[in-house]
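The values are calculated or read from the model by the stated rules, or taken from the named source; none is laboratory data. None of these values were measured; they are calculated from a predicted model. Reconstructed Cβ throughout: ideal geometry from the backbone, glycine too, with neighbour counts over all protein chains shown. The accessibility values were calculated without ligands, DNA or RNA, using every heavy atom of the protein model including side chains. Shrake-Rupley method; radii C 1.70, N 1.55, O 1.52, S 1.80 Å.
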Amino acid sequence: MEELIKRIEDGRVRIGILGLGYVGLPLAMVMAKRFHVVGYRRNKSQVDLLLKGVSYIKDVKDEVLKRYLGKTFFPTTNYKELEACDFLIICVPTPLNGKKEPDLSFIEDSCRTILKVLRRGHVVILESTTYPGTTEELIVPMLEQSGLKAGVDFGVAFSPERVDPGNTKYTTENTPKVVGGINEEIADIVVKLYESVISAEIFKVKSCKIAEASKILENVFRGANIALINEMALIFEKMGIDTWEVIRAASTKPFGFMPHYPGTGVGGHCIPLDPFYLTYKAKRFGFIPRFIELSGLMNEFMPIHTINLAEEGLKEVDKKISNSTFVVMGLAYKEDIDDTRESPSEKIIEELVNLQGKVKVYDPLARSIKTRRGEFHSEKSLEEAIKDTDCAIFVVSHTEFRNLDLRRFKQNGVKVIVDGRNIFEKEDVTSLGMVYKGIGKP
């Protein structure tokens, strides 16, 4: 392993990345600044795009991709090209199945691919978020089917991704990393690898399980606090109290308070899913994580609450959901990105259709969203989206939305504005003769 460290130091190691999505492609660009990187993905059409210098990930610009393409970055659908790599980094999705249980099929597929090329000296790193124990209980046994011994013939480590799509301040390159290895020697090697390309701290922990648990804790912490503020918002709505003003006031305390904000629901690949990864594992140890499960249920209720607000607003203008036209404003799961994974919009659209409402959608960044009621494509312009529409539901606070002229909505017949993200002042809406309903607003 000393030879491997020496090759890291002089830039001669080769990196193989399995999965070129929101985690893998940005990581590949960071690694390609110093090392030879093979990016493996089965999706031929997306690999073909990369080979043409076209990025399908918003956080990776075409000009950055072209800077390394064919020089230090080599996207491929041929798994055999991974054999010559020294490090194999797994960056694949970890979704839930229909029963809200972990679906580790993508990790398993990656392990089967690695099995075809695994050799002595390889170091396999998992970055995908998962429950504590996955690396040692799933990956190690699968890879040891090769006849090689983990920790002796090849290394295994876990270093959780911390990608925040759309965040221009904290990127893959300057966000601290946590590393846990199957043994201390492997952990030290992986720390050395990340230290060579990442400007932030690399924090080594004692085991893969601790590293896995740290990522779960990060996201459960956020999910639980979002659930808390969502519930507070529902209470304050009943009391006639402006939740957003309450948060601003509480935020003046310089210690002991961290602001979180209510909304139409949680989205993305982590916060809606990770609590269920932990609860799944906890139950196998005989512990029922009631608080975490309740937090998940609270967040899942918010799309329904959003529709309830729409229904209340429509009643004030003598209309029902079944004879109304809606425009869902925002398909992405958060502002100023095009990522629709687990977006609250999906559930809102489905429920409106189930209630026989007519639904249009608009997002300046995300082109479409797939739901159980079909795929919905964004209208080409705001005017087309709001024309002859009864109710506009704002799911995310895109910058473009914050700068909208509300008079255009009134002129196109919009009667109700549902503000899920505190985008507008109530008086600005009502002064134009429209009904305003806002999450956390009296």
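Brief remarks on what is shown
- When a 1.4 Å probe is rolled over the protein heavy atoms, the share of accessible surface on segment 177-256 that falls to carbon and sulfur comes to 61 percent.
- In summary, the lysines within cross-link reach of Lys58, defined as a Cα separation below 23 angstrom excluding same-chain residues under 8 places away, comprise Lys33, Lys44, Lys66, Lys71, Lys169, Lys177, Lys334, Lys370, Lys380.
- Two-site FRET efficiency, Lys358 against Asp109, from Cβ-Cβ distance with R₀ of 41 Å, rounded to 0.05: 0.55
- Summarising the overall dimensions of segment 105-186 from its C-alpha atoms, the Rg and Dmax are 14.0, 44 angstrom.
- Segment 78-123: radius of gyration and largest Cα-Cα distance (Dmax), Å: 12.9, 39
- Measuring r between the beta carbons of Lys206 and Leu148 and using R0 = 25 Å, the FRET efficiency lands at 0.55.
- Net dipole in debye of segment 67-175 [+1 Lys, Arg Cβ; -1 Asp, Glu Cβ; about Cα centre; nearest 20]: 280
- For segment 24-76, the per residue solvent-accessible surface stands at 46 Å², with DNA, RNA and ligands left out and a 1.4 Å probe.
- Rounded to the nearest 20 debye, the dipole magnitude of the chain is 540 debye, with +1 charges on Lys and Arg beta carbons, -1 on Asp and Glu beta carbons, and the Cα centre as origin.
- Between Thr430 and Lys58, the distance separating the two model label sites (each 7 Å from Cα on the Cα→Cβ line) works out to 3.3 nm.
- Spin-label pair Phe257-Glu185: with each label point 7 Å from Cα along the Cα-Cβ axis, the two points sit 5.3 nm from one another.
- Cβ-based charge dipole, the chain, positive-most Cα from Thr168, Gly420, Leu217: Thr168
- Computed from the alpha carbon positions, the gyration tensor of the chain leads to an equivalent ellipsoid with semi-axes of 44, 24, 19 Å, biggest first.
- Cα centre as origin, Lys/Arg/Asp/Glu Cβ charges: segment 107-168 dipole, Debye: 320
- Distance between segment 168-244 and segment 71-136 - C-alpha centres, whole angstrom: 21
- For segment 158-247, the list of trypsin sites (Lys or Arg not before Pro) that fall in a loop by DSSP and count at most 15 other C-beta atoms within 10 angstrom reads Lys169, Lys206.
- Probe 1.4 Å, protein heavy atoms only - accessible area per residue of segment 146-209 in square angstrom: 44
- Placing dummy labels 7 Å off each Cα toward the beta-carbon, the span from Lys380 to Leu294 is 5.1 nm.
- 20 Å Cα-Cα reach of Lys319 towards lysines, excluding residues that sit fewer than 8 places from it in its own chain: Lys358, Lys360, Lys387, Lys410, Lys415, Lys437
- Projecting the Cα atoms of Gln145, Leu88, Tyr131 onto the charge dipole of segment 80-157, computed from C-beta unit charges around the Cα centre, puts Gln145 farthest toward the positive end.
- Of the residues Val191, Ile107, Tyr333, the one whose Cα sits farthest towards the positive end of the charge dipole of the chain is Ile107 (charges of +1 on Lys and Arg Cβ, -1 on Asp and Glu Cβ, taken about the Cα centre).
- Among beta bridges from DSSP that stay inside the chain, the antiparallel ones total about 15%.
- Rg and Dmax [Cα atoms of segment 180-294; Å; Rg one decimal, Dmax integer]: 18.7, 59
- Contact order normalised by residue count of the chain, Cα under 8 Å, 6+ apart, percent: 11
- The alpha-carbon atoms of segment 317-442 define a convex hull whose volume equals 97 cubic angstrom per residue.
- For chymotrypsin sites (Phe, Trp or Tyr not before Pro), the sites in segment 266-371 that DSSP calls loop and that have at most 15 other Cβ atoms within 10 Å are Phe285, Phe287.
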